[in-house]
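Student: Just passing along the structure, written as structure tokens.
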Amino acid sequence: MDRKKELKQLYKETKVEAGVYQIRNTVNNKVFIGSTRNLKTLKGKQFELEVGTNTNKVLQGEWNEFGKDAFSFEVLQVLKPKETGFFDAKRELKKLEEEWLEKLQPYEERGYNRMKSN
């Protein structure tokens, strides 16, 4: 029983990191760029694809076609919170994701993201 309490405490103390990630198709080099307030949820993204419930139909279709071994998951950047003052993690994470989308342009034949209409 002490081990259970110990593990629970360890879980509570584990730092949650937000960041931007990519899912890369290693066959055709198309990528999906996303962000999450908890990078540990990347396993959940992989699980969604494995069970066929990912909402990105093109990504899901190619996952089904090529198989899980054709995809890699990579953290591109961890969001660094400010040391002092107000820090809006949600807004800063959105800005960070937009920077990566601008940099990598993962649209159409290059990726699985959809262009945002202005």
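The values are calculated or read from the model by the stated rules, or taken from the named source; none is laboratory data. Since this is a predicted model, take the numbers as computed values, not measurements. Don't worry about glycine lacking a Cβ; one is built from the backbone with ideal geometry, like all the others, and counts go over all protein chains shown. For the accessible areas, the whole protein counts, side chains as well, though only heavy atoms, and no ligand, DNA or RNA atoms are used. Shrake-Rupley method; radii C 1.70, N 1.55, O 1.52, S 1.80 Å.
Student: Would you mention how many residues in region 28-45 are within 14 Å of the chain's Cα centre (by Cα) and either assigned to a loop (DSSP other than H, G, I, E, B) or among the acidic types (Asp, Glu) (or both)?
Tutor: Looking only at that region, the number is 2.
Student: Which ones in region 1-27 are among the polar types (S, T, N, Q), under 29 Å from LYS95 (Cβ atoms) and either out of contact with any strand residue (DSSP E or B) (no Cβ under 8 Å at 6 or more places or on another chain) or assigned to a strand (DSSP E or B) (or both)?
Tutor: Correct list: THR14, GLN22, ASN25.
Student: Could you list, in sequence order, all residues of region 62-105 that are over 17 Å from LYS40 (Cβ atoms), of a type in the set (A, V, I, L, M, F, W, C) and in a helix (DSSP H, G or I)?
Tutor: TRP63, PHE66, ALA70, LEU96, TRP100, LEU101, LEU104
Student: I would also like to ask the following. Please name all residue pairs, on different chains or six or more residues apart, with Cβ atoms under 7 Å, provided the first residue is in region 104-118 and is free of Cβ contacts under 8 Å to residues at least 24 places away in the same chain and surrounded by 10 or more Cβ atoms within 10 Å (Cβ to Cβ) and the second residue is among the hydroxyl-bearing types (Ser, Thr, Tyr) and in a loop (DSSP other than H, G, I, E, B).
Tutor: Pairs found: none.
Student: For region 65-103, what are the residues that are without any contact (Cβ under 8 Å) to a residue 12 or more places away in the chain, open to solvent by less than 100 Å² (accessible area, probe 1.4 Å) and farther than 19 Å from LYS30 by Cβ?
Tutor: Matches in region 65-103: PRO81, GLY85, PHE87, ASP88, LYS95, GLU98.
Student: Also, quick follow-up: State all residues of region 9-35 that are open to solvent by less than 80 Å² (accessible area, probe 1.4 Å), without any contact (Cβ under 8 Å) to a residue 40 or more places away in the chain and among the hydroxyl-bearing types (Ser, Thr, Tyr); if no residue qualifies, say none.
Tutor: Of everything in region 9-35, just one residue is open to solvent by less than 80 Å² (accessible area, probe 1.4 Å), without any contact (Cβ under 8 Å) to a residue 40 or more places away in the chain and among the hydroxyl-bearing types (Ser, Thr, Tyr), namely THR14.
Student: So, one more: Please verify whether LEU42 is open to solvent by less than 40 Å² (accessible area, probe 1.4 Å) and at pLDDT below 95, treating the condition exactly as stated.
Tutor: Considered against the rule, which asks whether it is open to solvent by less than 40 Å² (accessible area, probe 1.4 Å) and at pLDDT below 95, LEU42 comes out as yes.
Student: Follow-up question, since we're still on this one. Of everything in region 49-64, what is of a type in the set (A, V, I, L, M, F, W, C) and surrounded by 13 or more Cβ atoms within 10 Å (Cβ to Cβ)? Give them in sequence order.
Tutor: Once the filter is applied, which keeps residues that are of a type in the set (A, V, I, L, M, F, W, C) and surrounded by 13 or more Cβ atoms within 10 Å (Cβ to Cβ), region 49-64 yields LEU49, VAL58, LEU59, TRP63.
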